[in-house]
Amino acid sequence: MARRRRMPFKACKKCKALVEHEVEKCPLCSSTLFSDDWEGMVIILTVNSQSASVLKAVKPWRYAIKVR
Ligand SMILES: [Zn+2]
């Protein structure tokens with residue numbers, strides 16, 4: 001996977017949710033700490049799925065797999 005200099009999203013450091021750069025507060029956990037250094041995107045459609053439990057996702061959303 002080619003890495004671009006600027007990711008289209010930033011990741012919440014607390015819950016790994018991916019949001020647009022304009023967003024100031026995480027819509028999922030209200031955190032204001034974000035990171036541009038993240039890897040992999042997974043879209044959770046149902047919180048009962050196995051990937052949702054691995055990510056501890058509480059809401060259908062797009063999440064980063066790894067956030068530094
Ligand atoms: Zn969050």
Task: Test set (1) within 16 Å of the ligand (Cβ to nearest atom); (2) among the charged types (D, E, K, R); (3) exposed (fewer than 13 other Cβ atoms within 10 Å of the Cβ) - residue 6 fails condition number - done: (1)
Open item on the list: Looking at the stretch 11-35, I want the residues that are within 17 Å of residue 54 (Cβ to Cβ) and have a partner that is in a strand (DSSP E or B) and open to solvent by 70 Å² or more (accessible area, probe 1.4 Å) with Cβ atoms under 7 Å, at least 6 apart or on another chain. Which pairs are those?
Closed with: 18/41
TODO: Output the residue which, of all residues in the stretch 36-65 that are more than 15 Å from residue 13 (Cβ to Cβ) and among the β-branched types (Val, Ile, Thr), is least open to solvent (accessible area, probe 1.4 Å).
DONE: 44
TODO: Evaluate the following for residue 33: is it surrounded by fewer than 15 Cβ atoms within 10 Å (Cβ to Cβ) and hydrophobic (A, V, I, L, M, F, W, C)?
DONE: yes
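The values are calculated or read from the model by the stated rules, or taken from the named source; none is laboratory data. Small disclaimer: the values here were computed from a predicted structure and weren't measured. Ideal geometry is used to build each Cβ from the backbone, glycine not excepted, and the neighbour counts take in all protein chains shown. The protein model used for the area step is the full one, side chains on, heavy atoms only, and it has no ligands, DNA or RNA in it. Shrake-Rupley method; radii C 1.70, N 1.55, O 1.52, S 1.80 Å.
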